[in-house]
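Remarks on the structure that follows.
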Amino acid sequence: MFEFVRSHTRLLQGLLVLLVFPSFVFFGVQGYSHFVDQAAATVASVDGQPIRQSELEAAHRQQVERMRQQMPQVDVKLFDTPQARQQTLDGLVREQVLRHAALKENLVVPDARLQRLFVSDPSYAPLRKPDGSINKDYLAAQGMGVAQFTDMLRTEYSLRQVLGGVTGSSLSGQTVASQNAAALLEQREVQVQRFEAKAYLAKVQPTPAEIEAYYKAHTDRFRAPDEASIEYVVLDLEALKKQVSVSDDDLKKYYEQNASRYTAPEERRASHILVAVAKDASADVRAKAKAKAEALLAEVKAHPDSFAELAKKNSDDPGSASKGGDLDFFARGAMVKPFEDAAFGMKVGDISGVVASDFGFHILKLTGVRGGERKPFEAVRPEIQDEVAKQLAQQRYAEAAEQFSNLVYEQSDSLQPVVDKLKLTKMTAVVQRAVAPGATGPLASTKLLEAVFGNDALQNKRNTEAIEAGPNQLVSARVVNYRPAHVRALAEVQAQVLEQLKAEQAAAAARKEGEARMAALKQNPADTLGQSLLLSRAQPQGQPRQVLEAALRAKLGSAPAVVGVDLGAEGYAVLKVTKVVPRTAGDADLTRAKPYLAQALAEAEEAAYYDALKRRHKVELKLATPTASSDEAASAAK
């Protein structure tokens, strides 16, 4: 087939022109025009000035790219949603509203103030030189010029001024702050009795009729997604490695050629005494330092066992002096060359002469040697065999990948030809459209699953194309059986149905008993409940949010308030709210809450002011939840 294509290239080009050009004329122009129209469509406007779909898409791509750089492992498909695009559009609208407001209010930042802001803003520290000027090299690395950055900075500070005037001037007196904080952190003395659904599970026994009725009423809960039984073949280095046979002679040759890889690096352990002197010191100073080192050397040679004590008293190396000069084990390259040459030329127990380095003058004592031994061939034979097989498989992979791709395409009605030709293993699996939790290898490839559930594989029963499921890994699959989405039979999901029904009946039983207890408590307010608590938003005491909110909302009069709280699947709670416990002026929670409350009030004022700006500058949203223009273009082309 491919030989025919190569031999008749001109003929095929002519046929492509005849087939493709009319299709473009009749269908492509319309699709292209629709795409251009969609890109130019207005998604919002501010003061009558439009924000185009193309602007939204560009901004959204930038936003996704920033997220990808910050979190390289994140799945960018999470941001390909109408909600994510709506957030991007909201950001574009906000920027345009603030721009219009800044221009109308003439909030221009003069050069002198811009410089002061730039110098004092900690977020721009990497862009500042010590003298406060812009670091042009840093900007260039970001693909930005000084003029472009200055314009961006001026715009940013101008926009900050629009809302900064509101948040910066948002003041609340001590009385207002204290009152709001006290309301936020109000404490109430509450008695609580919980009727937990799990305590009633053993008491409910649904009948077969109830189980069947529940199943029929909630069939959507027991719906299975569509799934495909597939057979698939994988070509990767592991598959090719199994086909490689390497003789012992070749393995031994590789062992000898790479002897250093199987030899532990030699390490030396030494102690030293350092007489420190700068390398650029005068000749007199260096001479005095050397004389001191020679005197110490003479003392060491006279009393070799005193090396550690002399090092503690005389060495100028603070890191090793306290340890008697011990430097522990080190390999070649870890020390300055004169020191290294001396250490690796000594025997254990030897004491060197005076060794000069950039740090001064050293006296060394070699205290240990390790490493340098080569592992025997038999010990590393499996490692060598794996490495050689991997290299040979890598060399063969490109040719095998081409054969694999051709065979699964040319003989698309079966995977057996590629299995026989390349000596691969056919495997089977049951897959769904989404990657299964814990799936690994090719079955974790979204590309493969998309191909399996594509029309060609699903309806025509053809092999999928060769899909790159990972580095040096190709896979092709074939659908053996397809099962559409369906409601599972009751027999198949009976345990699940029973579990859900029992949970609901237990919750209902808890609620019924709780409501009865509440009614009895209202009849006899003097009764007490099991647990007494002091509840506040700062100290919920482990109670569910519904209990806390009900306790704080309860209206207290001359008598305690009795409240019932439906906890849904968790059961029911009965509350008796007896009194409000006032907080004292010096309460630590109040003190901590005040600055956060002031910030919340300022943010609320800012939000209200921004809403007023949106009305003033006539913001109109053309699309409630904008979608990708490319998606619309694709649907139009269909």
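Every number here is computed from the coordinates shown, using simple stated rules; none is lab data. Nothing here was measured: the structure is a model prediction, and the numbers come from that model. Please note: Cβ atoms are built from the backbone with ideal geometry, for glycine as well, and neighbour counts cover all protein chains shown.
Under a model in which nothing but the beta-carbon of Lys, Arg (+1) and Asp, Glu (-1) is charged, the stretch 264-370 shows a dipole of about 60 debye around its Cα centre. With R₀ fixed at 45 Å, the C-beta to C-beta distance from residue 426 to residue 512 puts the FRET efficiency at about 0.15. Does anything in the stretch 550-567 have its amide N under 15 Å from the 7 Å Cα→Cβ label point of residue 196, and if so which residues? Under cut-off, by backbone N: 567.
A crude spin-label estimate for the pair residue 603 and residue 81, with each label 7 Å from Cα along the Cβ direction, gives 2.1 nm. Counting only residues at least eight positions apart within a chain, or on another chain, the aspartates and glutamates with an alpha carbon under 16 Å from that of residue 622 are 37, 47, 55, 57, 90, 632. For the chain, the Cβ-based charge dipole about the Cα centre amounts to some 1260 debye (Lys, Arg positive; Asp, Glu negative; other atoms uncharged).
The string of couplings for the stretch 465-482 from the Karplus curve (6.51, -1.76, 1.60, θ = phi - 60°) is 5, 5, 10, 7, 8, x, x, 6, 8, 10, 9, 9, 10, 9, 7, 8, 8, 10 Hz, one whole number per residue in order, with x for Gly and Pro.
In a fully extended conformation the segment linking residue 386 and residue 42 would gain 117.8 nm over its present Cα-Cα distance, using 0.36 nm per residue.
For residue 347, go through the lysines and keep the ones whose alpha-carbon is under 16 Å away, minus same-chain ones fewer than eight residues off. Partners found: 301, 365.
Sequence-ordered 3J(HN,Hα) estimates for the stretch 282-293 from the Karplus curve with 6.51, -1.76 and 1.60 and θ = phi - 60° stand at 5, 4, 5, 5, 5, 5, 5, 5, 5, 4, 5, 5 Hz, glycine and proline given as x. Percent of Cα-Cα pairs more than 21 Å apart in the stretch 264-370, please. Pairs farther apart than 21 Å: 29 percent.
Spin-label model, residue 254/residue 524: points 7 Å from Cα along the beta carbon direction are separated by 8.7 nm.
For the chain, adding -39500 (n - 2.57) for each run of n ≥ 4 DSSP H residues and dividing by the number of residues yields -16000 deg cm²/dmol at 222 nm. In this structure, the residue pairs whose Cα-Cα separation is over 27 Å, taken from 241/375; 555/614; 241/461; 292/312; 390/421; 253/426, are 555/614; 241/461; 253/426. The structure-derived value of Kirkwood radius over Cα pairs in Å appears in the list (i) 36.1; (ii) 30.9; (iii) 25.7 under the label (i). Amide H contacts of residue 537: 186, each under 5 Å away and 5 or more positions distant or on a separate chain (H built 1.01 Å from N in the peptide plane; Pro and chain starts excluded). Near the amide H of residue 326, within less than 5 Å, lie the amide hydrogens of 272, all on another chain or at least 5 residues away, with H placed in the peptide plane.
The modelled label-to-label distance for the pair residue 103/residue 456, using points 7 Å beyond Cα in the direction of Cβ, is 5.1 nm. For the stretch 417-428, backbone phi angles converted through the Karplus equation (6.51, -1.76, 1.60; θ = phi - 60°) give residue-by-residue couplings of x, 6, 4, 5, 5, 9, 6, 9, 10, 8, 10, 10 Hz, Gly and Pro being listed as x. Which FRET efficiency, nearest 0.05, do residue 189 and residue 596 yield, Cβ-Cβ r, R0 41 Å? With R0 = 41 Å, the Cβ-Cβ based efficiency is 0.95.
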